[in-house]
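Chemist: To start, I am sharing the structure in question, which I have written as structure tokens.
The values are calculated or read from the model by the stated rules, or taken from the named source; none is laboratory data. Note that the structure is a prediction, hence the values are computed from the model and not measured. Cβ atoms come from the backbone with ideal geometry, glycine included; neighbour counts cover every protein chain shown.
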Ligand code: NDP
């Protein structure tokens, strides 16, 4: 039976095996999918061993997405733009890399009736997750794409991958006088129990607030957005399942039903 893995460090918390097992049941595909902890420094050697063992594909999570990018023989356009890979397709001698985070996010936004075309979109954060979603968002032609990050250099590095002035890079302070339609939290601040220095003035009733993190309770960012007046709050569970669905499609050629799996996971929370 074809074997797949998700690798990272830590990896214990990963929902990917559950998600892919649900996809396999739903689409009647025969496969095994397990999690595998990799120690720092062992990424390359582990993936080469997987290749020798005829493993068909690997999902890569923090902190190895950049190393995965370096190791690939071929890259998709989104992976090349992102400089980060979350999906490895092992095809005989070749390792192909893709980044499905952005497709997962964009599909979830569209699924939630969030239009992107002609809208002003603000991304908070400039880490691996932000890098992965910029190109797929730009494909939908927002009128403005702004990246705010604590470390400005990281946001500038992302913007430098795209044509001049397409991305507006700012500090959190500079958000005070801005007006946007959609805010996407791509920081890990909530996970660390830290709050973001985002001015409440940027969030009004109609501003759609999306948090890449998710949970049983409202996430700290969505809680802040609610207090600030937003009536449109979406967490990142749909993105998580959506990026997994895109990986599954790349490996198996079959697109699973994302909504069904999101509903199953929500019920288990
Ligand atoms: P990284 O570690 O690569 O980046 C973290 C980002 O958060 C950086 O921009 C960092 O800013 C910022 N940050 C962290 N703490 C603070 C703080 N206290 N104040 C301001 N900014 C802060 O993480 P990832 O990009 O990989 O992941 C980000 C989040 O997205 C995580 O919560 C992750 O779980 C989630 N995620 C969700 C996915 C999904 O499918 N739903 C997929 C991928 C990620 P600085 O550059 O200044 O350090």
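Chemist: From the list 264, 219, 204, 187, which residue is surrounded by fewer than 16 Cβ atoms within 10 Å (Cβ to Cβ) and within 21 Å of the chain's Cα centre (by Cα)?
Modeler: When all the criteria are applied, what remains is 264.
Chemist: May I pose another question? Name the residues in the stretch 134-157 that are within 16 Å of the ligand (Cβ to nearest atom) and over 22 Å from residue 190 (Cα atoms), would you? Explain how you work it out, then say what you get.
Modeler: Initial filter on the stretch 134-157 (within 16 Å of the ligand (Cβ to nearest atom)): 134-137, 145-157.
135, 136, 137, 145, 156, 157 - these are the residues of the stretch 134-157 that are within 16 Å of the ligand (Cβ to nearest atom) and over 22 Å from residue 190 (Cα atoms).
Chemist: Which of the helices (runs of 4 or more DSSP H) found entirely inside the stretch 18-90 contain at least 3 residues meeting this: under 18 Å from residue 5 (Cβ atoms)? Spell out how you get there, then give the answer.
Modeler: On the way: elements: 43-52, 65-71, 77-82.
Answer list for the stretch 18-90: 43-52, 65-71.
Chemist: Do you know which residues across the stretch 110-133 are within 12 Å of the ligand (Cβ to nearest atom) and crowded, with 20+ Cβ neighbours inside 10 Å?
Modeler: If the condition is that a residue be within 12 Å of the ligand (Cβ to nearest atom) and crowded, with 20+ Cβ neighbours inside 10 Å, then 123, 124, 125, 126, 128, 129, 130, 131, 132, 133 are the ones that fit.
Chemist: Of the residues 10, 17, which is in contact with a strand residue (DSSP E or B) (Cβ under 6 Å, 6 or more places away or on another chain) and either free of Cβ contacts under 8 Å to residues at least 40 places away in the same chain or under 30 Å from residue 184 (Cβ atoms) (or both)?
Modeler: Result of the check over 10, 17: 17.
Chemist: OK, next. Taking the residues in the stretch 184-204 that are under 16 Å from residue 127 (Cα atoms) and at pLDDT 95 or above as candidates, determine which candidate is farthest from the ligand (Cβ to nearest atom).
Modeler: 184
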